[in-house]
Number of protein chains: 4
Amino acid sequence: MKPVCLVIGAGAGIGGTVGKRFAQEGYHTVLCRRSDEEGLRRLVEDIEKDDGSASGFLMDAALPESIEERVAAVEAEIGPIEVLVFNLGAQIGDRALADTPYKAFELGWRLATFGLFRAASAVCPLMEARGKGTLLVTSATAAVRGNAGQHSHAAAMGGRRMLCQTLNAEFSPKGIHVAHILIDGAVDAPDTLGKLLGPERFQQFREARGLEHDGLLLPSKIADTYFHLAQQHRSAWTHEIDLRTFSDRPWWNH
Amino acid sequence: MKPVCLVIGAGAGIGGTVGKRFAQEGYHTVLCRRSDEEGLRRLVEDIEKDDGSASGFLMDAALPESIEERVAAVEAEIGPIEVLVFNLGAQIGDRALADTPYKAFELGWRLATFGLFRAASAVCPLMEARGKGTLLVTSATAAVRGNAGQHSHAAAMGGRRMLCQTLNAEFSPKGIHVAHILIDGAVDAPDTLGKLLGPERFQQFREARGLEHDGLLLPSKIADTYFHLAQQHRSAWTHEIDLRTFSDRPWWNH
Amino acid sequence: MKPVCLVIGAGAGIGGTVGKRFAQEGYHTVLCRRSDEEGLRRLVEDIEKDDGSASGFLMDAALPESIEERVAAVEAEIGPIEVLVFNLGAQIGDRALADTPYKAFELGWRLATFGLFRAASAVCPLMEARGKGTLLVTSATAAVRGNAGQHSHAAAMGGRRMLCQTLNAEFSPKGIHVAHILIDGAVDAPDTLGKLLGPERFQQFREARGLEHDGLLLPSKIADTYFHLAQQHRSAWTHEIDLRTFSDRPWWNH
Amino acid sequence: MKPVCLVIGAGAGIGGTVGKRFAQEGYHTVLCRRSDEEGLRRLVEDIEKDDGSASGFLMDAALPESIEERVAAVEAEIGPIEVLVFNLGAQIGDRALADTPYKAFELGWRLATFGLFRAASAVCPLMEARGKGTLLVTSATAAVRGNAGQHSHAAAMGGRRMLCQTLNAEFSPKGIHVAHILIDGAVDAPDTLGKLLGPERFQQFREARGLEHDGLLLPSKIADTYFHLAQQHRSAWTHEIDLRTFSDRPWWNH
């Protein structure tokens, strides 16, 4: 039986690409995303064409029990989850305080912070009983510094980062590897940045970043590091790592 | 008319003592706390006996509109808020993930992160219109590192710290001083630590820390720094500061 | 007998102004700087005109035994040093790696890191024997993030910051207060920024920052916080604090 | 012609093992260490037995021109350096300030900070001309927090970390990958920890950490991550990463 990799937040950017990478390496990948059933179907087909194995589920992580039931169903019907990739974002663009309704502030927390808490509450006891498991948590610059207009996003991500540390403190000695992966820059991802900018501005942005398209973080290259982290021996685990493209400045330099 | 200092979270520890200090320095202090009407009344009386001026209100910050209405009422009935001290804590002691219900995780966020967002949403536009104002935000070690059992508290405080940075980025150039004050250690506070430990263990703990009682952070001494921060000239503002007792190790050393 | 405040690096910016402030508050201030005997004389006279008490010494801190002998002489001839302000800078402007000679890299360390180590080695045993004392260490943005062209400065200041933490770990429980003060922005200081830019560009820079001259950190306002730190009760000491002008962005936002 | 990996500080722990790993992956590895010619010979032989390719040189990095001449000689006689592993340590155990002579403080800087500056000054212009290259810099907990007795080590490592950031700011856009690798815990390394503790205490320490010997950071597992970092695509580079064993607490939790 193949080990299982569950991806929560499996769009066409980091989530889907990381899922594909684990499938290529012999995992059965379970892809969950909120919408775009057609895109989800294509992701699964791509993996299967490539001789990989995958399942796809639409899931609204904001709904009560959605994550919990998916974790239980995967464990019951597919197999033990070895790797959980938590990739829900909560970027809503820059908004002044006056333009950030309570609902937007709360939704950021509900997806990015509470969502991880729910996923961890569901999967950590199972992993603990097996003495092993991996949580790969995608994070953002906003987890380490709050910038203008990022009220909702930074509060959510800052909470997420501290939660990763408390999870690590409790579960690392029990064999569960928790990694907080700081994506420090724009990702070449049509489902997130692409939607934020709109198709035309997204394409202009990509071209401005360079012909070789490596002025943006490329999801397939990000996936190399996600996979490496999941393979690290427990004597040398990484808890926090940053990733950015060579031509971009780190967050502390701008 | 006296300048107004509004304290949200005015127990017998940091909140009440800081309020008293501002009253001694010529502010009218408005003290808000969730319970213990008798204790609140005593605080106000103490201030008045000392020739200071204060008002007290019971307020459950977890209730919708509680903070918003209090801010509006103070502005309408007492005067413009010059200093807002946000002192709501969310420490619930160390609890393993399995012992941290969703409700507890959410309540931490609701008080410590969302509460500040609501307070800032209410008061910042008023301060911005006046071109000045101060937000003093009490924070905790858990805002900068997640420790075992601190799932709810660290996620809430980590979010709070990032929120302070986004507020600062937006409002500092508009003349509003946002300070994130890291209380890194146990405070000699009967209403928080005292309740967490119970009266007997609290007394033992105090005695173990030294006869001179400065092995704990003393609220009256903390208040000196809160007051200093509120008086800093805008050419030399502090955004982040830590406080601990001389005999304790900083968080990065244990 | 007045308590003594020894300032190492007492130019017309932070160092001299902090020294003046301590003199106003009843300390005898000892001012040490490398050059400009005339400027040093004026500083002492200014303090004395103001009914304060001060001494001034030219001292090249890069020379062996200079700091050590000054500490010993002050203790022998003037009185016990209560507060040592370590204010030697090592900013040499932005220089590419190829334009940073070994000598420049070493000099940065020699003044900013090793200088503090020597000062601490001289004064801490004396303060330890007295059970009290304060080290106020001026620091810079470069202590927490390395930016392009800051090879010498950032390496020196990063070392200085870690040294402050090791000094604090050893000496705080012995009653010595070590504070690392992060000056995060340009200071209105003719002897440092003024010399770096030249008088004309310095004046243009000042004017561009605003008519009220509070778009730059004002030394007299910085001095308020230095003095506050030295007065903190040992139950609520600050180890790290940042200072910047309201109109400037913090280092993590640019 | 094989790509070249130059290891400065190639003892039997991280340095030698990382070198071996690069040799296994097709690099010619150049190993430099201060002493133990016999151990160095064995390392080279081990690599060659394994069909790898390596050279070994004794080098006292504290001597002027030692690093510079080695870099030049490798480039002239062996080939262009693709990867430089800077692995000089400066841990001298915990020593109170009074037990840390100036010489010890300076030596820490000379090896750990200035050594890296010299290596970067020698190799970066060559890598820049080629438009690519990798600097993997081993670092330690002391780079991010100063603990009691670590005056020399923490000052040196804190400076090193900031230097890595200034190097990254200048050279990342030119195609040079600078990675600061925080080894946060004890390494199973006979040449460093082994010598610090002595053979008997080192063996006891290893046994106390667990029968499977993964309660210590294992150099061969550390090497996996060094190699991964050197293979990262330039659209997704890591600048900072931590490594620790699963059973140990991160530095921020103790």
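Each value in this text was obtained by applying a stated rule to the coordinates, not by laboratory testing. The structure presented is a predicted model; accordingly, all values stated were derived computationally and were not measured. Glycine also receives a Cβ, built like all others from the backbone with ideal geometry; neighbour counts cover every protein chain displayed.
Assorted remarks:
- Rounded to the nearest 20, the Cβ-based charge dipole of segment B:147-195 about its Cα centre (Lys and Arg +1, Asp and Glu -1) stands at 160 debye.
- Evaluated at q = 0.18, 0.20 Å⁻¹, the base-10 log of the normalised Debye intensity for segment B:1-41, with identical point scatterers placed on the Cα atoms, takes the values -0.43, -0.53.
- Convex hull volume per residue for segment A:1-78, taking Cα atoms only, in Å³: 72 Å³
- Inter-chain neighbour count for D:122-134: the average number of beta-carbon atoms from partner chains within 10 Å of each residue's beta-carbon is 1.
- Segment A:83-222 shape via C-alpha gyration tensor axes, a/c threshold 1.5: oblate
- Chain A shape via C-alpha gyration tensor axes, a/c threshold 1.5: rounded
- Each part reduced to its alpha carbon centroid, segment C:51-104 and segment C:143-213 end up 15 Å apart.
- Cα→Cβ-extended label distance, 7 Å offset, between C:Ser220 and A:Glu75, nm: 6.7 nm
- Projected area, mean over directions - segment C:63-125, Cα convex hull, nm²: 4.9 nm²
- Electrostatic dipole magnitude of the protein assembly as shown [Cβ: Lys, Arg +1; Asp, Glu -1; Cα centre; debye, to 20]: 0 debye
- Between this copy and the others, label points of B:Arg201 are 3.6, 5.4, 6.2 nm apart in ascending order, each placed 7 angstrom from Cα in the Cβ direction.
- Look at where the Cα atoms of segment C:1-23 and of segment D:1-44 average out, and the two centres are 53 Å apart.
- In straight-distance terms, cross-link reach from D:Lys221 covers every one of the lysines whose alpha-carbon lies under 27 Å from its own, apart from those fewer than eight places away in the same chain; here that gives A:Lys2, A:Lys20, A:Lys132, A:Lys174, A:Lys221, D:Lys2, D:Lys20, D:Lys49, D:Lys132, D:Lys195.
- With each label modelled as a point 7 angstrom along the Cα→C-beta vector, the D:Phe205-C:Glu25 pair spans 4.4 nm.
- 5 angstrom amide H check on B:Asp191, placed H, neighbours 5+ away: B:Ala12, B:Gly13
- Spacing of the two label points (7 Å from each Cα toward its C-beta) at B:Leu107 and D:Tyr102, in nm: 6.1 nm
- Relative contact order, whole percent, for chain B stands at 19, derived from Cα pairs under 8 Å and 6 or more residues apart.
- Take each residue in A:101-107, count the other chain C-beta atoms within 10 Å of its C-beta, and the mean is 3.
- Equivalent ellipsoid semi-axes - Cα gyration tensor, segment B:50-157, angstrom: 30, 14, 13
- For B:Val85, the residues 5 or more places off, or on other chains, whose built amide H falls under 5 Å of its own are B:Leu6, B:Val7, B:Ile8, B:Leu136.
- Comment: the Cα-to-Cβ extended label point of D:Asp94, at 7 Å, lies 2.0, 4.2, 4.7 nm from its counterparts in the other copies, nearest first.
- Gaussian network model of chain B, Cα within-10 Å springs - most flexible of B:Ser121, B:Ser152, B:Ser172: B:Ser121
- Taking B:Gly93, B:Gly215, B:Gly115 in turn, the Gaussian network model of chain B (Cα-Cα springs below 10 Å) assigns the largest fluctuation to B:Gly93.
- Top positive-direction residue, dipole computed over segment B:145-216 with Cβ charges, set B:Ala186, B:Gly215, B:Ala169: B:Ala169
- Per-residue ellipticity at 222 nm from helix content only, as computed over the protein assembly as shown with -39500 (n - 2.57) for each DSSP H run of at least four residues, stands at -13500 deg cm²/dmol.
- Applying 1/(1 + (r/R0)^6) with r as the Cβ-Cβ distance of B:Lys174 and B:Glu65 and R0 = 22 angstrom yields a FRET efficiency of 0.30.
- Residue mean of other protein chain beta carbons inside 10 Å, B:140-147: 5
- Chain B - charge dipole about Cα centre, Lys and Arg +1 at Cβ, Asp and Glu -1, debye rounded to 20: 560 debye
- Shape of the protein assembly as shown, Cα gyration tensor, a/c cut at 1.5: oblate
- Annotation: amide H-H contacts under 5 Å for B:Glu240 (H modelled 1.01 Å from N, sequence separation of 5 or more, or interchain): B:His180, C:Asp242.
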